[in-house]
Amino acid sequence: MSEGRTDPDCLFCKIVAGDIPADIVSETEHTVAFRDLSPQAPTHVLVIPRTHEPDIGSLAAADAEATIALLAEARTIAGAESNGSYRLVFNTGADAHQTVFHCHAHVLAGRPLGWPPG
């Protein structure tokens with residue numbers, strides 16, 4: 001498991017620590033992936049880094065290896081749970097509807113996804 005920052009008040013840090021249950025899809029040295037409680041598509045999996053960073057830009061600046069691992073795991077999950085078509089979404093900031101300020105990627109698949117997304 002990669003060592004890094006944690007936030008004792010962060011919902012996702014509590015999932016990483018095993019203090020809050022989640023429907024875990026996969027775990028790697030750098031990531032934990034679990035099903036979203038309010039899915040927006042038939043496949044809706046969140047992939048998070050084990051270390052606490054508020055958003056993808058912060059993660060990229062702090063830990064390139066964890067960033068690459070997060071993207072690679074998102075691709076692996078999408079490959080296992082979709083027909084090759086999927087959307088990978090990072091919401092950054094409150095105006096973009098980020099509600100948990102721990103970096104996370106939404107892997108969405110399983111139905112046609114319209115455009116524009118917002």
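Values in this text are rule-based calculations from the coordinates and carry no lab data. Here the structure is a predicted model, which means the values were calculated and not measured. So basically every Cβ, Gly included, is an ideal-geometry build from the backbone, and we count neighbours across all protein chains shown.
Which angle between 0 and 90 degrees, to the nearest 10, do you get for helix 64-81 versus the longest principal axis of the chain when only C-alpha atoms count? Rounded to the nearest ten degrees, it is 40. Orientation-averaged projection of the chain equals 7.1 nm² [convex hull of Cα atoms, one quarter of hull surface area]. Legend note: in the chain, cysteines whose Cβ sits 4.7 Å or more from every other cysteine Cβ are C103.
Would you calculate a helix-derived [θ] at 222 nm for the chain, using -39,500 (n - 2.57) for each DSSP H run of n ≥ 4 and dividing by the full residue count, to the nearest 500?
For the chain, the value works out to -8000 deg cm²/dmol.
Taking amide H positions as modeled 1.01 Å from N, with prolines and chain starts lacking one, the residues under 5 Å from R50 and 5 or more places away or on another chain are T31, V32.
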